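Peer 1: Here's a structure for you.
The values are calculated or read from the model by the stated rules, or taken from the named source; none is laboratory data. Keep in mind it's a predicted model, so treat the numbers as computed, not measured. Methodologically, a virtual Cβ is constructed for each residue, glycine included, from the backbone with ideal geometry; neighbour enumeration extends over all protein chains shown. Heads up: the accessible areas ignore ligands, DNA and RNA and are worked out on the full protein's heavy atoms, side chains in. Shrake-Rupley method; radii C 1.70, N 1.55, O 1.52, S 1.80 Å.
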Amino acid sequence: MQDNKNAVQKDEKQPVRLQAFLAHCGVASRRACEQIILDGRVSVNGNVVTELGTKVCASDAVTVDGKAVHLESKKRYVLLNKPAGFVCSASDEKGRAVAFDLLKDKYSERLYNVGRLDMYSKGMILFTNDGDFAAKLSHPSSQIEKEYIVETSQDVSSETAERLEHGVRVEGVFYKCVRCEILKPRKIKIVLIEGKNREIRKMLESQNIGTKSLVRVRIGNVNLDDLRPGDCRDLTVREVQGLLNLCK
């Protein structure tokens, strides 16, 4: 797809903060890049830099873990239908398969996931090398809806669905869905805007209901549709701009 001309672009000749530069190089999200800098993994012109306020230009020699990184010439926005058994991280210390491995044969750019799905969950996950896009979608204020189809081990009553919409507290943390629609006694549709770690599983467990299958089928204006597990596609320009427009 062509670059999204409406997305925020940086002037490569102007100095930018190091964490923003790394994000635009496709290293990781801006927040993750901040931690990479603090961990002493980044060098600029041969010198290790741990100061987040450091500014660099495209002409500077920047390395991460000793490997040179460069600004990506093309912005990528990719939708992957993640199968179960893959973790959403750049690498995994336990040696588990990572979702990005499913993209390597098709994309040469360094892409990173926007948001996460736990190892056992399936469905939509977005990848990009556009740091501004990732930052806007990941910010807590974005309020972008994520829709899931969940198969449960026990029947879900209308009272339980209402309770999840009003919110439940689990181990001191408050969880609340936007909507919980019963499709079948043991199949529900849940819409979230927060996406805390294992949020749906924890909400259901608090009601003594187990989760047999969890699939994310929509993020904002983008639907999974008939994309098969393990397959991916580029987002359209309209989809990218639609997601940005949804960010509050």
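Peer 1: Which sequence of His70, His139 reflects their accessible areas, 1.4 Å probe, from the largest down?
Peer 2: Numbers: His70 130, His139 95 Å².
Per-residue accessible area, sorted high to low, gives His70, His139.
Peer 1: Would you look at the GNM of the chain, springs on alpha carbons closer than 10 Å, and say which of Ser138, Ser108, Ser157 moves the most?
Peer 2: Highest fluctuation of the listed residues: Ser108.
Peer 1: For Arg233, Arg179, give me the order by solvent-accessible area with a 1.4 Å probe, most accessible first, ignoring ligands, DNA and RNA.
Peer 2: Arg179, Arg233
Peer 1: I'd like the accessible area for Arg163: 1.4 Å probe, protein heavy atoms, all chains in place, Å² to the nearest 10.
Peer 2: 100 Å²
Peer 1: Another question, if that's okay. What distance in nm separates the two pseudo spin-label positions at Gln143 and Asp101, each 7 Å out from Cα along the beta-carbon direction?
Peer 2: That separation, rounded to one decimal, is 4.0 nm.
Peer 1: If you don't mind, another one. Run down the lysines and flag those whose C-alpha is under 16 Å from the C-alpha of Lys189, throwing out any fewer than 8 positions away in its chain.
Peer 2: Lys122, Lys146, Lys176, Lys202, Lys212
Peer 1: Still on this structure, I have one more. Answer rounded, prolate or oblate for segment 63-124, using the Cα gyration tensor with square roots of eigenvalues a ≥ b ≥ c: rounded when a/c is under 1.5, else prolate when a/b is larger than b/c, else oblate. Don't skip to the end; give the middle numbers.
Peer 2: On the way: a/c = 2.38, a/b = 1.43, b/c = 1.66.
In terms of gyration-tensor shape, oblate.
Peer 1: Let me ask another. Given labels modelled 7 Å from the Cα in the Cβ direction, how far is it in nm from Gln241 to Ser43?
Peer 2: According to this spin-label approximation, the distance is 4.4 nm.
Peer 1: Could you look at segment 54-208 and say what percent of its accessible area is carbon and sulfur, using a 1.4 Å probe and all protein chains?
Peer 2: Numbers: 3640 of 7760 Å².
For segment 54-208, the apolar C and S fraction of the accessible surface comes to 47 percent.
Peer 1: Given a 10 angstrom Cα cut-off, can you work out which residue in Val222, Val170, Val150 is the most mobile in a GNM of the chain?
Peer 2: Its mean-square fluctuation being the largest, the pick is Val170.
Peer 1: A 25 angstrom limit on the alpha carbon distance is what I want to check against. Which of Lys55/Lys82; Lys67/Lys94; Lys55/Lys196; Lys75/Lys248 exceed it? Before the final figure, lay out the partial values.
Peer 2: Numbers: Lys55/Lys82 36 Å; Lys67/Lys94 23 Å; Lys55/Lys196 32 Å; Lys75/Lys248 22 Å.
Result: Lys55/Lys82; Lys55/Lys196 exceed 25 Å.
Peer 1: In nm, to one decimal, how far is the modelled label at Lys187 from the one at Glu162, with both set 7 Å along Cα→Cβ?
Peer 2: For Lys187 paired with Glu162, the spin-label model returns 2.5 nm.
Peer 1: Which label belongs to the value computed from this structure, given these candidates for Rg/Rh (Cα atoms, Kirkwood Rh): (1) 0.95; (2) 1.06; (3) 1.01?
Peer 2: Checked against the structure: label (3).
Peer 1: Probe of 1.4 angstrom, ligands and nucleic acids ignored: what's the accessible area per residue over the chain, in square angstrom? Write out the running numbers ahead of the final one.
Peer 2: Numbers: 12940 Å² over 248 residues.
Normalised by residue count, the accessible surface of the chain is 52 Å².
Peer 1: Could you pull out every residue, at least 5 positions away or on a different chain, whose amide H is within less than 5 Å of the one on Arg179? Hs are placed 1.01 Å off N in the peptide plane, and Pro or chain starts have none.
Peer 2: Residues meeting the criterion, in which the H sits 1.01 Å from N, are Val191.
Peer 1: Springs between alpha-carbon atoms under 10 Å, Gaussian network over the chain: tell me which of Leu52, Leu22, Leu103 tops the mean-square fluctuations.
Peer 2: Residue with maximal mean-square fluctuation among Leu52, Leu22, Leu103: Leu52.
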